[in-house]
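Shown next, in structure tokens, is the structure this report addresses.
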Amino acid sequence: MSFTDILLEGLAPDGGLYMPQEYPQLSLDDYQILGEILVHDGYPRLAAHILSLFIDDIPMWDLEKITRQAYSKEKFGTDLIAPVTKLEPNLWLAHLSQGPTAAFKDMAMQVLGQLFDYELRRRSQTMTIVGATSGDTGSAAEFALLDTSRVQVFMLSPLDRMTPFQRGQMYGIDSPRIINITVPGSFDDCQDLVKEVNSDSEFKARFSIGAVNSINWARLVSQVVYYVSSWFRVTEGEGEVSFCVPSGNFGNICAGHVAKMMGLPVKDLVCATNENNVLAEFFRTGVYRIRTSTETFKTSSPSMDISKASNFERFFFDLAGRDSGEIVELFGQQLATKGVIDIRKKPYAGDVSQVYGFKTGVSTHQDRVATIADFYRRPGYLMDPHTADGVMVGREHAGEEPMVAMETALPVKFGSITKEAIGTVPEVPSRFASVMDTAQHTVMCDQGVDQLKGIIEQRSVFPPQ
Ligand SMILES: *Cc1c(COP(=O)(O)O)cnc(C)c1O
């Protein structure tokens, strides 16, 4: 398949995930050259170079335009786009949350938005995104697609489950192409409605319905870039680093895995979770046991409240020697019927840590509160609860090499735990000053899928096919 077909399709027709036949292999010299490109020409040009290794049907010239549009100083508040700072000896923080919605999802979603617009224009098509969000994905997608013209968005969000800032950000958008839909219930209820709409193939075709969730290969590839930039900014091109990543759907850390497979000098990839510790349990025991939504705790790092990591089989594909039959057996059968995958007796069980460098750890609410308070006192850096999870777990695994924790959101999105940790709510950065007092726009959907389809038909700005 060509890259742009995969871009627009999302999930493969057999329900599987797309993977490249092989990873591009780069030498240390190549990475040093990429580092020079980062320093001299900037992040957008680095991004275009790395994307071009995976994209077979968009010319470099156009990719550079796409990444320049995606990563601008106006959107990210800094020319560096993803700066890295030192928190304490051997512990660094990669700032991935400087984008328009203050979460790392902007890093990939901004590129995705530009790629969609470019390809839909080339094909003279339009697209309707129907998605579900628990908070960060929805706003990142909406802001990424706001300044494009060929995509309309219907984004479902759970009533009363997002923070006031997240609501203000999403519902504050006033565009006929961006429709927020509030569903009484949980994120899973929203997700179920999206699945129901997608299972109506006639409706799906009529409105060219697409997806922006984290299984989209283009999102994953865009995230590889900041692993390379962070490595270079910390090491200046000499030596290894380890990364610690607050994880939910395994998208962010999977990009780190891809970077390692491409030869980037990465020692360990530390997968940090909150009390929803499905991934941590796997990395500790070799048993992957997914949970139901009622067994999923509501925590103070809500974007990681996930009990079935949608990108996990991508890593398994590499782990199992790229044997897709084995993946069908493990994910299509064992996981689907028993809810468990047990690899303890598999010949590749030991490779998880020894070859691929995965380590893990779990934070509790109290750990996150203590970590936020601790770093606020000493280096004077205020972090959000997801980042605090990564920093805390990263510290536990600190070795000789620099540990780089991934910042996944800014504290302004999560006022209440910040107040608990430091006694005051986070200061609102000036670019978000109006978020809380903008008029909010959302449509209620409390009567199931037919009502949802009605809303799409009524509000669609593109003529149905
Ligand atoms: C999405 C998100 C995560 C989890 O990232 P995955 O790629 O799903 O593992 C962590 N923290 C924040 C703030 C997020 O928005």
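Things to note:
- Close amide H partners of Lys359, meaning residues 5 or more places away or on another chain with modelled amide H under 5 Å apart, are Leu269, Val270, Cys271.
- Inter-centroid distance (Cα atoms) of the range 411-465 relative to the range 1-60, Å: 32
- The chain - share of DSSP beta bridges that are antiparallel (%, nearest 5): 20
- Spacing of the modelled spin labels on Glu400 and Glu196, each 7 Å from Cα toward Cβ, amounts to 5.8 nm.
- Our coupling estimate for the range 100-112, obtained by passing each phi through the Karplus curve with A = 6.51, B = -1.76, C = 1.60 and θ = phi - 60°, is x, 10, 6, 9, 5, 4, 4, 4, 8, 5, 4, 5, 4 Hz, Gly and Pro reported as x.
- Rough spin-label spacing in nm, given labels placed 7 Å along Cα→Cβ, for Lys65 and Arg378: 4.9
- Rounded percent of accessible protein surface that carbon and sulfur make up, the chain, 1.4 Å probe: 50
- Largest first, the residues Met1, Met383 sort by 1.4 Å accessible area into Met1, Met383.
- Each DSSP beta bridge with both residues in the range 247-404 is either parallel or antiparallel, and the antiparallel ones are about 40%.
- Normalising the average separation of contacting C-alpha pairs (under 8 angstrom, six or more residues apart) by the number of residues puts the relative contact order of the range 1-67 at 35 percent.
- Whether the range 1-160 is rounded, prolate or oblate, judged on the alpha carbon gyration tensor where a/c under 1.5 counts as rounded: oblate
- Looking at the range 104-188 alone, DSSP beta bridges between its own residues are antiparallel in about 10 percent of cases.
- Ala12/Ser124 FRET efficiency (R0 30 Å; Cβ-Cβ; nearest 0.05): 0.75
- Among Tyr31, Val224, Thr408 the positive-end extreme of the charge dipole of the chain (Cβ point charges): Thr408
- Charges were assigned to the Cβ only: +1 to each Lys and Arg, -1 to each Asp and Glu. The resulting dipole of the range 245-348 about its Cα centre is roughly 140 debye.
- Taking 0.36 nm per residue of separation and subtracting the Cα-Cα distance, full extension of the segment from Thr364 to Glu281 would add 28.4 nm.
- Mean Cα-pair separation over length for the range 19-177, i.e. relative contact order, pairs under 8 Å, 6 or more apart, %: 15
- Solvent-accessible surface (1.4 Å probe) assigned to Ser460 amounts to roughly 30 Å².
- Average accessible area per residue (Å²) across the chain - probe 1.4 Å, nucleic acids and ligands excluded: 40
- Charged-residue dipole, Cβ positions (Lys, Arg, Asp, Glu), the chain about Cα centre, Debye nearest 20: 500
The values are calculated or read from the model by the stated rules, or taken from the named source; none is laboratory data. Values in this document were obtained by computation on a predicted structure and should not be read as measured data. Every residue, glycine as well, gets a Cβ built from its backbone with ideal geometry; the counts of neighbours run over all protein chains shown. The area values use the complete protein model at the heavy-atom level, side chains included, leaving out ligands, DNA and RNA. Shrake-Rupley method; radii C 1.70, N 1.55, O 1.52, S 1.80 Å.
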